[in-house]
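See structure below.
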Amino acid sequence: MKKFLGLLCLIHLALALNIFSQVRPVPKPGNATGDSAEKSVEIKPAEFANLPDSYEVKYQGGLFGFSKKQHGSIKFEDVNQRLVFYGRDGKEKFSIPYQALLVIYPSHTKVQAGSGRAVGAVPVPGSSVLGSLIKKKKNYLIVQFKDPDVDAEGRINFLLDTEEMLASAINSLGKRAAMKQRGDSFLRGKDY
């Protein structure tokens, strides 16, 4: 009898877990799910004119001769057809022509927040586990380019504050540089 009840409980538990593991249907683009994690930021052509020309970023490295991380802003110069990085002092540090851009895409990483490191350092049992659970998300704009001066390819990383700002910057730069969109990234197609 105990084996039968144990088997019955096991079957009941397996069926209960099976109910929660069902695949959710994909929401249609017209339906509003209300879930901010599944929402994608779409930029319509009418909104393209209202996008900002510059974004506050932190340069993370990647360009030949500019290895130092620094705060600044990127600006899209449509007149000169180039992406320009200005340092905090307002001076132009470097620029990349739109035609040299190969791929523009987002990258997200989760890292332990400063408050998580502080909580983890508290000499209380279990605080290190709690501290490792406190994370923050970093949003990177990755720009791959071909440098015409030295005939080499490179990749520049810019850190942006929010995911919406990142999507806006990628869409704005990709459309200004007349690149093809593939998912959430833009790329320059090869002419065969």
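The values are calculated or read from the model by the stated rules, or taken from the named source; none is laboratory data. Since this is a predicted model, take the numbers as computed values, not measurements. Neighbour counts run over all protein chains shown; Cβ positions are idealised from the backbone, glycine included. Please note that ligands, DNA and RNA were not included when accessible areas were found on the heavy atoms of the full protein model with its side chains. Shrake-Rupley method; radii C 1.70, N 1.55, O 1.52, S 1.80 Å.
Just the number, please: carbon plus sulfur as a percent of the accessible area of region 84-192, 1.4 Å probe, no ligands or DNA/RNA counted.
52 percent
What FRET efficiency comes out for the pair residue 3/residue 135, r = Cβ-Cβ distance, R0 = 41 Å, nearest 0.05?
With R0 = 41 Å, the Cβ-Cβ based efficiency is 0.35.
Less than 17 Å from a label point 7 Å out along the Cα-to-Cβ axis of residue 107: which backbone N atoms in region 137-169 qualify, by residue?
Hits in region 137-169 for residue 107 at 17 Å: 137-146, 153-163, 166-167.
Long-range amide H contacts for residue 147: which residues qualify at under 5 Å (H placed 1.01 Å from N, peptide plane, sequence gap of 5 or more or a different chain)?
Residues meeting the criterion, in which the H sits 1.01 Å from N, are 152, 153, 154.
Enumerate the calculated ³J(HN,Hα) couplings along region 167-183 in order (Karplus 6.51 cos²θ - 1.76 cosθ + 1.60, θ = phi - 60°), each rounded to whole Hz, writing x wherever the residue is Gly or Pro.
The phi angles translate into 5, 5, 5, 5, 5, 5, 5, x, 6, 5, 8, 6, 9, 8, 8, 9, x Hz.
Residue by residue, what Karplus-based ³J(HN,Hα) values in Hz, rounded to whole numbers, does region 133-143 have, using 6.51, -1.76 and 1.60 with θ = phi - 60° and x for Gly and Pro?
7, 7, 10, 9, 9, 10, 10, 10, 9, 9, 10
Listed highest first by mean packing, meaning other Cβ atoms within 10 Å per residue, what order do 88-96, 156-164 come in?
Packing order, densest peptide first, comes out as 156-164, 88-96.
Past 27 Å, Cα to Cα, is the threshold; run 68/175; 69/110; 137/190; 69/190; 75/135 against it and keep the listed order.
68/175; 137/190; 69/190; 75/135
If a/c stays under 1.5 just call it rounded; otherwise compare a/b with b/c (prolate if a/b is bigger, oblate if not). Do that for region 131-192, with a ≥ b ≥ c from the square roots of the Cα gyration tensor eigenvalues.
Prolate.
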